[in-house]
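The structure that follows is given in the form of structure tokens.
No lab work stands behind these numbers, since they all come straight from the coordinates. All values derive from a computational prediction rather than experimental measurement. Cβ atoms come from the backbone with ideal geometry, glycine included; neighbour counts cover every protein chain shown.
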Amino acid sequence: MNLNMNSMESVVAQIQGLSSNSSDITQLHNFLKQSEELLHSDFSRLLSSLAELDPSIHSLGFLYILEACISFPVAKEHVSELLVSVARFINSCSAEQIQLAPNKFISVCKKFKDHIFGLETPIRGVAPMLTAIRKLQSSSEQLTTLHADFLLLCILAKCYKTGFSVLEDDIYECDQPREFFLYCYYGGMVCIGQKQFRKALELLHNVVTAPMSTLNAIAVEAYKKYILVSLIHLGQFSTSFPKYTSSVAQRNLKNFSQPYLELSNSYGTGRISELETFVQTNKEKFESDNNLGLVMQVVSSMYKRNIQRLTQTYLTLSLQDIANTVQLRGPKQAEMHVLQMIEDGEIYATINQKDGMVRFLEDPEQYKTCGMIEHIDSSIKRLMVVSKKLTSMDELMSCDPMYLGKVGRERQRFDFDDFDSVPQKFTV
Amino acid sequence: MEPDEDLGLIADEIYANGDENTQRHRPIISSEQLDVEAYAALYSGRTKIMRLHFIADRCGNASMQLEALRMAYDEIKKGENTQLFREVVQKIDGRLGTNYGPDPAWADSVDRRADLRKEKLESELNAYRTNLIKESIRMGYNDFGDFYYAHGQLGEAFKNYVRTRDYCTTAKHIIHMCLNAILVSIEMGQFTHVTSYVSKAEQSQDALDAITVAKLRCAAGLAHLEAKKYKLAARKFLEVGPELGNNYTEVIAPQDVATYGGLCALASFDRAELKSKVIDNINFRNFLELVPEIRELIHDFYTSHYASCLEYLGNLKANLLLDIHLHDHVETLYDQIRSKALIQYTHPFVSVDLNMMANAFKTSVAGLEKELEALITDNQIQARIDSHNKILYARHADQRNATFQKVLQTGKEFDRDVRSMLLRANLLKHDYIARTSRKH
């Protein structure tokens, strides 16, 4: 092709010329695909040509050149400069154009992330990656390949709040199992950081029960955290798996997480001293898994759990008695704990400091307020949406030729007689 | 009468609820120590020896132990079980003088006779088998079973008794076989066999006489007891007819039926069932007359004299621990009876003064609080303790709030489950597509 002869200049010219409307852009896309080889051969002119393009108008062309550019090894001093231009591109590029070449975009973002890890400044990547995800997603239900990387950056930069904003979207569509596992696992960690244990439990549960044909390390780590979070949030852990869990997971996960299962057994006894000695003796194991912090939270959650249990049985109880039954050091400490729990809304009680008595009250919620009714109403609406989705999915599935093909094959194998006997009966 | 005084009287009465038995009852003196001789006289056969053995092992009282061993020794001498004989002699260890030493002459002669008898039985059985006479073969196996049983080889005995099954021609034979199998299984402690043979025997209804029915009920009750199914055990023991009498002493005495049945019923029945099935049960009343302590404690329990009931239980405990079948279950049964009593005591009241309650149960307030706490946590008592004023308040669950709570919770769970279901379905779908596309 003669265009090749003119090399970079003509490429840039083409990009500038063909970026206005959608038919032009399709043409440009084909052109860029053909000239990919050229782009990857000549590093020296790439950076200079980038300067001639506007990322918000010439997004597609800019993306191709940037991708070529970032795939070359870059000298350390130039990295920072390059990252700035990538970040600027991500911020200003047009979502429509980059969605034409998602793979290029993903590869740019991945490289971007790698460089950021190289510089050990994860916080620089958080905001651009979030924008990148939003631009790449066709709907908020889609899981992109970038989600996991973004969450990892959030964890490293301790920007849990930003990470959590992404997790609030319900994800349904995903095609890469590995990405899904990582997304849920990192998502779980972000939620733990935000102390959103319910959401964390849900995400980790998804990892543990996800269909899998071979066991993977992500699931094992997720199961360990699942046990701990379950203890913190629910105060108990049931070792039985739901029946939809893959058989690989059911068979193997427990073998890899013995100390955690023992921890949950020890938690179940309700004796704090026992739990503490167990944690002390197994400290190295938890530490090597980087779970010691969570384990400590499990221990402290036990105090709360025990105090909460007291509210079920007592109407009044002295602080001294609370300290004795919960094994706290003294009434002063018991008072601190109870006060904290009242403030957090975990128990309803009043402390009488004069005679050191705590009076436990019933939950004052009467389910009569407008707010509560609105809450219930919105819950019902949400559930209706969800269940509609389920129905439509079911319908879709039962019309899917591939699914029917598979089911039909299996039916034939198992119920061969049923298939034949029916018409025979009628012909007689 | 002044109203105040009246109230005071009532309060006194409530307060005394439990310890008034001192005036009301003439306390039945349960023997501090088990009368081994009287106890042993209730049983016959192998179980007598085994029970004595058990007592000797468990009682921890030298004179009682020797007494039991002496009687076991005498009993064994009447039979042919040389192995048990040697064990007992070893346990006696010469402490009972020369009369109770290892009698090698006796043991040898028994063994010799046993060998001869075995040979004779074998040749007989072979002859029967060549002639193919069903009834004789059955008898032959039966004799073998008897022989092995007498010599303490229970496994072999069981096998031979069971073998007779193929040669049974009438329902009577089958029942005979079942009873033998049950007897041996009980001795072996194989209670699953007991259950299966009991049900087998019960299938042939027409050939069952009243005594056999009673025996089968006892055996089934024992099997349920061992399996810790106290309610079922209680029902079986309560169904035992008065025909039992002293017909099943090789397994159980009628006194035991009363004890086992009574305790299991107390631990597992509710008030109405206790009244209808135990107290108003004429059959069972006959059994209870044999063990007045149990009768009294059941009545005390029913009439809410818990202190006296628990006192009887406390007195009986030492002896029950020496019972070969009940010893493992005494603690559990006692705990259950005690919790039942506590629950029943609190049930009719809106508020209960813990001091009075502690008095009725002869325990300290602090101890009572702990017990109540456990029961409340278990959701067996719906109440809350006012630890400051030492009062227990009944708690009336607010159905409306509970329903709201439950609905919201269920909604959340549904939401979560459906979402993860959709996710899994999508994952599966993609996985499936990935695999097929790779294949092509």
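Sequence neighbours fewer than 8 away in the same chain don't count; with that in mind, list the lysines whose C-alpha is under 17 Å from A:LYS110.
A:LYS135
List the aspartates and glutamates whose Cα lies under 14 Å from the Cα of A:LYS304, skipping any in the same chain that are fewer than 8 positions away.
Partners found: A:GLU335, A:GLU343, A:ASP344, A:GLU346.
Below 8 Å between Cα atoms, with a sequence gap of 6+, how large is the relative contact order for segment B:242-340 in percent?
28
Hey, fewest Cβ within 10 Å first, where do A:CYS159, B:CYS309 land in order?
Fewest-to-most Cβ neighbours within 10 Å comes out as A:CYS159, B:CYS309.
OK, next. Between the helical axis of B:82-92 and the dominant principal axis of chain B, each derived from Cα atoms, what acute angle in degrees is found, rounded to the nearest 10?
Roughly 60 degrees, rounded to the nearest 10.
How do A:ARG409, B:ARG338, A:ARG198 line up, fewest other C-beta atoms within 10 Å first?
Going from sparsest to densest Cβ surroundings: A:ARG409, A:ARG198, B:ARG338.
Check which residues have an amide H placed less than 5 Å from B:ILE391's amide H, if you skip close sequence neighbours.
Those qualifying (amide H under 5 Å, at least 5 residues apart or on another chain) are B:LEU354, B:ASP386.
Here is a follow-up. At R0 = 35 Å, how high is the FRET efficiency between B:LYS77 and B:ASN246 if r is their beta carbon distance? Nearest 0.05 is fine.
Given R0 = 35 Å and the Cβ-Cβ separation, E is 0.95.
Take the residue pairs A:LYS388/B:LYS412; B:LYS91/B:LYS118; B:LYS78/B:LYS215; A:LYS199/A:LYS283; B:LYS120/B:LYS200; A:LYS368/B:LYS412 and return only those whose Cα atoms are more than 22 Å apart.
B:LYS91/B:LYS118; B:LYS78/B:LYS215; A:LYS199/A:LYS283; B:LYS120/B:LYS200
Quick one: angle between helix A:123-136 and the longest Cα principal axis of chain A, in degrees between 0 and 90, rounded to 10, please.
Between helix and principal axis, roughly 70 degrees.
Assuming 0.36 nm per residue, please report the length gained on full extension of the stretch B:ALA171 to B:ALA127 beyond their Cα-Cα distance.
Using 0.36 nm per residue and subtracting the Cα-Cα distance, I get 13.3 nm.
Additional query: Which of the aspartates and glutamates could a cross-linker span from A:LYS158 if the Cα-Cα distance has to be under 16 Å and same-chain partners fewer than 8 positions apart are dropped?
Hits, sequence-local ones excluded: A:GLU120, A:ASP149.
Moving to a separate point now. Between B:ALA150 and B:GLU289, what is the label-point separation in nm under the 7 Å Cα-to-beta-carbon projection?
3.8
Would you mind checking the pairs B:LYS362/B:LYS406; A:LYS195/A:LYS285; A:LYS76/A:LYS195 and listing those with alpha carbons more than 32 angstrom apart?
B:LYS362/B:LYS406; A:LYS76/A:LYS195
Between B:ALA272 and B:GLU135, 0.36 nm times their residue separation minus their Cα-Cα distance comes to what?
44.3 nm
How much of the calculated P(r) for segment A:169-306 lies past 26 Å, in percent of all Cα pairs?
Percent of Cα pairs beyond 26 Å in segment A:169-306: 20.
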